[in-house]
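Read-outs: derived from the displayed coordinates by stated rules, not from any lab. Since the model is a prediction, treat every value here as computed from it, not as a measurement. Positions of Cβ are generated from backbone atoms using ideal geometry, with glycine treated the same way; all protein chains shown enter the neighbour counts.
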Amino acid sequence: MEAMSDEQRVFLQMLMSKNIMDASGVKMAHRASCARFEANYDQTNLGQFVQEINRNIKPVGIEIKKGLSEFTGSSYYALVNTYDSDFLKNPHLATYTVNELELFKKIVQKIVNGDGEINTIQAVNLTDEIKTISKKRMTKKEAETLIESLSTAGWITIHKGKGIISLGTRGILELDQYISKTYPLSAINCNICKRLCIKGQMCSVCEDRAERPEDNTKLHLYCAVRLFKDQTNPKCPKCKHDWEHQIPRQA
Ligand SMILES: [Zn+2]
Ligand SMILES: [Zn+2]
């Protein structure tokens, strides 16, 4: 295996310091790190550039992964842990207390079972449900602070105007294995892009007939927009019944 080049090392450091980067940030980091070492820069080469870094870092259980925001469909890159799907052992969550992780787990559970979102007030009130290991109960104020911090780190997204919380891009990237394992009935992959789909539109006809979770038809909003773009009378791609959801103009 070829060792990482200087520009790849710097690119990796940039990604680590940012936590998560959007597509234009990644492009800029790619260009900047190549320029710094006067290496050949070819923007179409980004995929291979990242792949080579991944080959070097995979043995230690991390990987650069590309993911899409479930709300906007725009792409992000993050450094994620690949070796352990156990939520509580994720090193990116090591700074949180046991109580905080319990609350985060509850929030994830409600998001997964609540079609991709939870009301912010409900999320804060979940403090009443968590069992505390220490006798000290988590206050609502502490829960609010935790939610803000999880949002800053990209685990969740707070939609302030709507008063709801959804999974953030890091959450989708790093928790997909955990979610699929823990909630196999709710964890349905998108029919179009085949990625885990928490927030999406589901066909009720397929759902009634489904014997296994994979018999369902669920689409990310942005995948639905793409699929139904030129259809005046959208049909479910599997059962061909009318698609009963309002297609957003753009995801
Ligand atoms: Zn999709
Ligand atoms: Zn269907």
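Given H placed on each backbone N at 1.01 Å, which residues far from Ile62 in sequence or on other chains put an amide H within less than 5 Å of it?
Residues meeting the criterion, in which the H sits 1.01 Å from N, are Thr82.
Under a 5 Å amide H to amide H cut-off, with H placed in plane at 1.01 Å, what residues pair with Trp243 once short-range neighbours are removed?
Correct list: Lys235, Cys236.
Run down the aspartates and glutamates and flag those whose C-alpha is under 14 Å from the C-alpha of Lys235, throwing out any fewer than 8 positions away in its chain.
Leaving aside aspartates and glutamates fewer than 8 places away in the same chain, those within reach of Lys235 are Glu244.
Sorted by average packing, counted as other Cβ atoms within 10 angstrom per residue and highest first, what order do 94-102, 162-170 take? Before the final figure, lay out each step's value.
Numbers: 94-102: 15.7, 162-170: 21.4.
Peptide ranking by packing, descending: 162-170, 94-102.
Could you give each residue of region 28-33 its phi-based ³J(HN,Hα) in whole Hz, using Karplus coefficients 6.51, -1.76, 1.60 with θ = phi - 60°, and x for Gly or Pro?
5, 5, 4, 5, 5, 5
Taking θ = phi - 60°, what integer Hz values does the Karplus form 6.51 cos²θ - 1.76 cosθ + 1.60 yield along region 88-101, in sequence order, with x for Gly and Pro?
Once rounded to whole Hz, the list reads 6, 9, 5, x, 5, 10, 5, 7, 8, 7, 4, 4, 5, 5.
Give, rounded to the nearest 20 debye, the magnitude of the charge dipole that region 131-239 has about its Cα centre when Lys and Arg contribute +1 at Cβ and Asp and Glu contribute -1 at Cβ. List each step's numbers first, then the result.
Values: 20 positive and 11 negative charges, 77 e Å.
Using Cβ point charges on Lys, Arg, Asp and Glu, region 131-239 gives about 360 debye.
I'd like the FRET efficiency for Lys140 and Asp22, computed as 1/(1 + (r/R0)^6) with the beta carbon distance as r and R0 of 35 Å, rounded to 0.05. Don't skip to the answer; put the middle values down first.
Values: r = 32 Å, r/R0 = 0.92.
With a Förster radius of 35 Å, E is 0.60.
Counting only residues 5 or more places away or on other chains, whose amide H sits under 5 Å from the amide H of Thr157 once H atoms are built in the peptide plane?
Here the answer is Ser166, Leu167, Gly168, since their amide H atoms fall under 5 Å of that of Thr157.
Would you kindly derive the ³J(HN,Hα) couplings of region 209-214 from the backbone phi angles with the Karplus curve 6.51 cos²θ - 1.76 cosθ + 1.60 (θ = phi - 60°), listing them in order in whole Hz, with x for Gly and Pro?
Computed from phi, the couplings for region 209-214 are 8, 5, 9, 10, x, 6 Hz.
Can you tell me how much longer the chain between Tyr183 and Arg212 gets when fully stretched, taken as 0.36 nm per residue apart minus their C-alpha distance, in nm with one decimal? Kindly include the intermediate steps, with their values, before the conclusion.
Details: separation 29, 0.36 × 29 = 10.44 nm, distance 1.30 nm.
Computed gain between Tyr183 and Arg212 is 9.1 nm.
Which aspartates and glutamates have a Cα less than 12 Å from the Cα of Lys162, not counting those fewer than 8 places away in the same chain?
Hits, sequence-local ones excluded: Glu117.
Taking the dipole about the Cα centre of the chain, with the C-beta of Lys and Arg at +1 and of Asp and Glu at -1, give me whichever of Ile158, Ala94, Leu185 is farthest to the positive side.
Positive-most Cα among the choices belongs to Ile158.
With N denoting the number of residues in the chain, provide Rg(C-alpha) divided by 2.2 N^0.38 Å, to two decimal places. Walk me through the numbers before you get to the answer.
Details: Rg = 20.0 Å, N = 251, 2.2 N^0.38 = 18.0 Å.
Dividing the Cα Rg of the chain by 2.2 N^0.38 Å gives 1.11.
Cross-link candidates for Lys89: which lysines have Cα within less than 17 Å, leaving aside residues fewer than 8 places away along the same chain?
Reachable lysines: Lys105, Lys106, Lys181.
So which GluC sites (Glu not before Pro) in region 136-211 are both in a DSSP loop and have at most 12 other Cβ atoms within 10 Å of their Cβ?
Values: sites: Glu142, Glu144, Glu148, Glu174, Glu207, Glu211; in loops: Glu211.
Loop-located and lightly packed - Glu211.
Please compute the length gained on full extension between Met1 and Lys89, using 0.36 nm multiplied by the number of residues separating them and subtracting their Cα-Cα distance. Could you put the intermediate results ahead of the total?
Numbers: separation 88, 0.36 × 88 = 31.68 nm, distance 2.90 nm.
Full extension of this stretch gives 28.8 nm more.
For region 5-72, which chymotrypsin sites (Phe, Trp or Tyr not before Pro) are in a loop by DSSP, counting at most 11 other Cβ atoms within 10 Å? Could you put the intermediate results ahead of the total?
Working: sites: Phe11, Phe37, Tyr41, Phe49, Phe71; in loops: Phe37, Tyr41, Phe71.
In loop regions of region 5-72 (DSSP not H, G, I, E or B), there are no sparsely surrounded chymotrypsin sites (Phe, Trp or Tyr not before Pro).
To the nearest 0.05, what FRET efficiency results for Thr44 and Asp230 with a Förster distance of 25 Å applied to their C-beta separation? Could you put the intermediate results ahead of the total?
On the way: r = 28 Å, r/R0 = 1.14.
With a Förster radius of 25 Å, E is 0.30.
Counting other Cβ atoms within 10 Å of each Cβ, which trypsin sites (Lys or Arg not before Pro) in region 183-251 have at most 11 and sit in a DSSP loop? Walk me through the intermediate numbers first.
Working: sites: Lys194, Arg195, Lys199, Arg209, Lys218, Arg226, Lys229, Lys235, Lys238, Lys240, Arg249; in loops: Lys194, Arg195, Lys199, Lys229, Lys238, Lys240, Arg249.
Taking region 183-251 and a limit of 11 other Cβ atoms within 10 Å, the loop trypsin sites (Lys or Arg not before Pro) found are Lys194, Lys229, Lys240, Arg249.
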